[in-house]
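A.B. asks: Encoded as structure tokens, here's the structure I'll be asking about.
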Amino acid sequence: MKILTGNDLRSGAVVWWNGTGWSLFVDDAVDAGDDSEEILAREEAARRVNVPYAIDASIDAAGHVRPAHIKDRVRALGPTVRRDLAVPTADRTGWDWVI
Amino acid sequence: MYQYDSYDQAMVDARVEEFRDQARRRMEGRLSEDQFKPLRLMNGLYLQLHAYMLRVAIPYGTLNARQMEALADIAEKYDRGYGHFTTRQNIQYNWIKLEDAADALADLARHEMHAIQTSGNCIRNISADHFAGAAADEVTDPRPYAELLRQWSSFHPEFTHLPRKFKFCVIAAEKDRAAMRLHDIGIRIVKRDGAVGAQFYVGGGMGRTPIIAPLVRDFVAVDQLITYAEAALRVYNRYGRRDNKYKARIKILVHELGAAEYTRQVEEEFAHLLSVGVEPPREELARIAEYFAPPAFHHPSESWDLEQLQSKAAGDPSFRWDDGFGLWVRRNTHPHKAPGYVSAVISLKPVGGIPGDATADQMRIVARLAREYSFDELRVMHTQNLLLPHVRIADLPAIWAALDAAGLAAPNMDTIEDIIACPGLDYCSLANARSIPLAQRISERFAETGRTEVVGELKLKISGCINACGHHHAGHIGILGVDRKGTENYQLSLGGSEAEDVSLAKITGPGFDEDGVIAAVETVTDVYLGARADGERFIDTYRRIGMEPFKEALYG
């Protein structure tokens, strides 16, 4: 699946396209599929999010969204060395999937 | 230390308001990211993996207690309670919001600091020997010259759009404690027949093409320093490549032209500039130098020497000489030019910690110690540690006790626990692999096994990508993180040095995964311990026996 991500313009926070707007939680990301380019162009023009881009991702057996590339997996939760600063999430699988 | 005059302050204040307007227009949607990016970068505001990152310049690593407290306040007010001290003697905040950035810059400006030219293709923060003004072996304090260069290079209209970024470093001792020859221009202040002048090394650097800067001019009279720097920059600005960012640094130009031809062109330009007259008036250097006058050191009779300290400490349990203090004194203090004084290194490398990170509370404690014990002066070291440059030996017990209570007394300067590590993939959008976890695990492994002290001086440096912010090319042991089909992989290299015996490390062979590279570091130190002769550091043994025994042990 293709999901969309970027950084919030004002805060810089990592955000994910949830179908109608941008969410802080990777699990909210939806498959943008063939609409990726159109959504990215529209959102870039709206200037709410910095340099949004499409990435490959999958959904695991428990239904969690998992970005394919390690860089985006680190972005999804926060620095692996400062887990106290992690994005709060209901995902109970911890950090095992990030690295 | 240098203090802003009204011109400096007005310039920095104006820049803050200019940026405030630019940021507002960006947030209102009136500027695109393509339009805004160069503007924010000129003010040190990057966009990293998780957030905006603000890089604040600390000129030649010198600051006072009030400024350190301001940095602590910014960490709490606009960030998440901590900051990261870098290999360029700067501090970075990892979680700054665009909507707060101008306020943070305004707070910096109120304390004579800024983030100008901490990014972009311009002359960056001028770095210097962190022991400047204190080291027993320096010929003079290099900071007045660094400050003169800072003033000359700030907003220099001709050098605002160079082919690539440009880094100066200034030292004034035979010993190189600032990686001077791995800068675009490295300057060593020297004295010849009583006259002060500068050696110019041009075209060094790390990154994807590491090069040791060749000597281009053995002596430039100090009243021609800026003129020669301007000539060196002019030739680069004219002929440096702008078509390929990977070949745009001055090191590539010097390498491709050859040092002799580059020098010839610089000398020609230098002669022309001398006729034009671009050197600041001598009075300006004298004015700047006054700010760096040595503090009023106590008479030696009011302090101790290190032998007296040890003799008093050995007989009094309250000194806790055997409980870490003695080791800290031995490891973390450096000879000072004033009798009865040393410089004291404040390690930001606790075992298992993040190299270079300090909390706001820790910054305030360090500021208090600077105010009470070090003539209100602090340094940021390129090794990602802090320094109290001027402390009485008699005050070391009190200083150590305060540092120990704050988790800042790791006795590990120049050991394998004193690791330089870039932010890596935990923070940096350019990184391919994480650096910090390796540093944490290696320091834990060596501390647990008690091998840190056995191994002695060993400089280990880790970069998370080829840009080499972690100086891996110059590590006795260097580690470079690479992306190998979507997973982290680490190349090991040996034999680098950024000191006066400068050399570039060589790759051992195929890379390792995270566990593998930690084991490999242990294997390498095993080979060293088995082969070292009396008094040899790791780098000495490596240079004597070569790469083969290490490769044999690593790869069989």
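A.B. asks: Test each condition in (1) touching a strand residue (DSSP E or B) at 6+ places or on another chain (Cβ under 7 Å); (2) closer than 27 Å to B:SER374 by Cβ; (3) not aliphatic (A, V, I, L, M) for B:GLN151 and report the one that comes out false.
C.D. replies: Among (1) touching a strand residue (DSSP E or B) at 6+ places or on another chain (Cβ under 7 Å); (2) closer than 27 Å to B:SER374 by Cβ; (3) not aliphatic (A, V, I, L, M), the lone unmet condition for B:GLN151 is (1).
A.B. asks: Then there is this: If you check B:ALA179 against the conditions, is it closer than 16 Å to B:GLU498 by Cβ and buried (at least 19 other Cβ atoms within 10 Å of the Cβ)?
C.D. replies: In short, yes.
A.B. asks: Considering each residue of region A:66-86, count those that are more than 9 Å from chain B (Cβ to nearest Cβ), surrounded by 14 or more Cβ atoms within 10 Å (Cβ to Cβ) and either closer than 21 Å to B:GLY81 by Cα or small (Gly, Ala, Ser) (or both), and give that number.
C.D. replies: Adding up the residues that qualify gives 3.
A.B. asks: Now for a different question. Quick one: which strands (runs of 3 or more DSSP E) sit completely within region B:1-109 and have at least 1 residues that are more than 10 Å from chain A (Cβ to nearest Cβ) and farther than 30 Å from A:HIS69 by Cβ?
C.D. replies: Strands (runs of 3 or more DSSP E) meeting the threshold: B:52-56, B:62-64.
A.B. asks: Which residue out of B:HIS272, B:HIS298 is touching a strand residue (DSSP E or B) at 6+ places or on another chain (Cβ under 8 Å) and either modelled with pLDDT under 95 or in a helix (DSSP H, G or I) (or both)?
C.D. replies: So the residue among B:HIS272, B:HIS298 that is touching a strand residue (DSSP E or B) at 6+ places or on another chain (Cβ under 8 Å) and either modelled with pLDDT under 95 or in a helix (DSSP H, G or I) (or both) is B:HIS298.
A.B. asks: For B:GLY352, only one of the following conditions fails: (1) at positive phi; (2) surrounded by 20 or more Cβ atoms within 10 Å (Cβ to Cβ); (3) within 14 Å of another protein chain (Cβ to nearest Cβ). What is its number?
C.D. replies: Just one mismatch for B:GLY352, condition (2).
A.B. asks: Pairs only if they're at least six apart or on different chains, beta carbon under 9 angstrom, first in region B:168-187 and without any contact (Cβ under 8 Å) to a residue 40 or more places away in the chain, second aliphatic (A, V, I, L, M) and part of a helix (DSSP H, G or I); list them, first residue then second.
C.D. replies: B:GLY186/B:MET180
A.B. asks: Being farther than 29 Å from B:ASN385 by Cβ, at pLDDT 95 or above, touching a helix residue (DSSP H, G or I) at 6+ places or on another chain (Cβ under 6 Å) and not β-branched (Val, Ile, Thr) narrows it down to one of B:LEU233, B:LEU148, so name that one.
C.D. replies: Result: B:LEU233 is the single residue among B:LEU233, B:LEU148 that is farther than 29 Å from B:ASN385 by Cβ, at pLDDT 95 or above, touching a helix residue (DSSP H, G or I) at 6+ places or on another chain (Cβ under 6 Å) and not β-branched (Val, Ile, Thr).
A.B. asks: Take region B:484-514 and flag every residue that is farther than 17 Å from B:GLY424 by Cβ and within 14 Å of another protein chain (Cβ to nearest Cβ).
C.D. replies: B:LYS485
A.B. asks: What are the pairs with Cβ atoms under 8 angstrom where one residue, in region B:376-398, is without any contact (Cβ under 8 Å) to a residue 60 or more places away in the chain and the other, located anywhere, is buried (at least 24 other Cβ atoms within 10 Å of the Cβ) and among the aromatic types (Phe, Trp, Tyr)? Sequence gap at least six, or different chains.
C.D. replies: B:VAL391/B:TYR341
A.B. asks: Same structure, new question: Can you tell me which of A:ALA57, A:ALA29, A:ALA13 is more than 14 Å from chain B (Cβ to nearest Cβ) and at pLDDT 95 or above?
C.D. replies: Answer to the selection: A:ALA29.
A.B. asks: Right, next: Just to be sure before I move on: is A:THR89 out of contact with any His (no Cβ under 7 Å at 6 or more places or on another chain), over 30 Å from B:GLU28 (Cα atoms) and either among the acidic types (Asp, Glu) or away from chain B (no Cβ under 13 Å) (or both) in the structure I sent?
C.D. replies: Considered against the rule, which asks whether it is out of contact with any His (no Cβ under 7 Å at 6 or more places or on another chain), over 30 Å from B:GLU28 (Cα atoms) and either among the acidic types (Asp, Glu) or away from chain B (no Cβ under 13 Å) (or both), A:THR89 comes out as yes.
A.B. asks: Is region B:321-338 home to any residue that is in contact (Cβ under 8 Å) with a residue 40 or more places away in the chain, part of a loop (DSSP other than H, G, I, E, B) and closer than 30 Å to B:LYS175 by Cα?
C.D. replies: yes
A.B. asks: Could you say whether any residue in region B:232-248 is aromatic (Phe, Trp, Tyr), on the phi < 0 side of the Ramachandran plot and buried (at least 18 other Cβ atoms within 10 Å of the Cβ)?
C.D. replies: Checking region B:232-248: at least one residue is aromatic (Phe, Trp, Tyr), on the phi < 0 side of the Ramachandran plot and buried (at least 18 other Cβ atoms within 10 Å of the Cβ).
A.B. asks: Considering each of B:ALA115, B:ALA106, B:ALA101 in turn, give the residue that is crowded, with 23+ Cβ neighbours inside 10 Å, out of contact with any Phe, Trp or Tyr (no Cβ under 8 Å at 6 or more places or on another chain) and under 27 Å from B:GLU28 (Cβ atoms).
C.D. replies: Being crowded, with 23+ Cβ neighbours inside 10 Å, out of contact with any Phe, Trp or Tyr (no Cβ under 8 Å at 6 or more places or on another chain) and under 27 Å from B:GLU28 (Cβ atoms) holds for just one of B:ALA115, B:ALA106, B:ALA101, which is B:ALA115.
A.B. asks: A follow-up question, please. Could you tell me how many of the residues in region B:387-438 are hydrophobic (A, V, I, L, M, F, W, C) and under 15 Å from B:GLY324 (Cβ atoms)?
C.D. replies: Of the residues in that region, 13 qualify.
A.B. asks: What's the number of the condition A:ASN50 fails, among (1) within 13 Å of chain B (Cβ to nearest Cβ); (2) surrounded by fewer than 18 Cβ atoms within 10 Å (Cβ to Cβ); (3) over 11 Å from the mean Cα position of the chain (by Cα); (4) not aliphatic (A, V, I, L, M)?
C.D. replies: Unmet for A:ASN50, out of (1) within 13 Å of chain B (Cβ to nearest Cβ); (2) surrounded by fewer than 18 Cβ atoms within 10 Å (Cβ to Cβ); (3) over 11 Å from the mean Cα position of the chain (by Cα); (4) not aliphatic (A, V, I, L, M): (2).
A.B. asks: Please state which one of B:LEU386, B:LEU408, B:LEU430, B:LEU378 is surrounded by fewer than 20 Cβ atoms within 10 Å (Cβ to Cβ) and within 30 Å of B:MET180 (Cα to Cα).
C.D. replies: Checking each option against the conditions leaves just B:LEU430.
A.B. asks: Checking the structure you have, find out if any residue of region B:149-162 is over 13 Å from the mean Cα position of the chain (by Cα) and within 13 Å of B:THR62 (Cβ to Cβ).
C.D. replies: Looking for residues that are over 13 Å from the mean Cα position of the chain (by Cα) and within 13 Å of B:THR62 (Cβ to Cβ), one finds at least one in region B:149-162, hence yes.
A.B. asks: Out of the residues in region B:432-441 meeting the condition of being touching a helix residue (DSSP H, G or I) at 6+ places or on another chain (Cβ under 6 Å) and part of a helix (DSSP H, G or I), tell me which one is nearest to the other protein chains (Cβ to nearest Cβ).
C.D. replies: Looking at the filtered set, the residue picked out is B:ILE436.
A.B. asks: Can I ask one more? With the condition kept exactly as written, say whether any residue in region B:485-506 is among the basic types (Lys, Arg), surrounded by 24 or more Cβ atoms within 10 Å (Cβ to Cβ) and closer than 22 Å to B:THR541 by Cα.
C.D. replies: no
A.B. asks: Report yes if B:GLU548 is acidic (Asp, Glu) and touching a helix residue (DSSP H, G or I) at 6+ places or on another chain (Cβ under 9 Å), otherwise no.
C.D. replies: no
The values are calculated or read from the model by the stated rules, or taken from the named source; none is laboratory data. Every value quoted in this text rests on a predicted model; they were computed, and no experiment measured them. Positions of Cβ are backbone-derived with ideal geometry, glycine not excepted, and every protein chain shown enters the neighbour counts.
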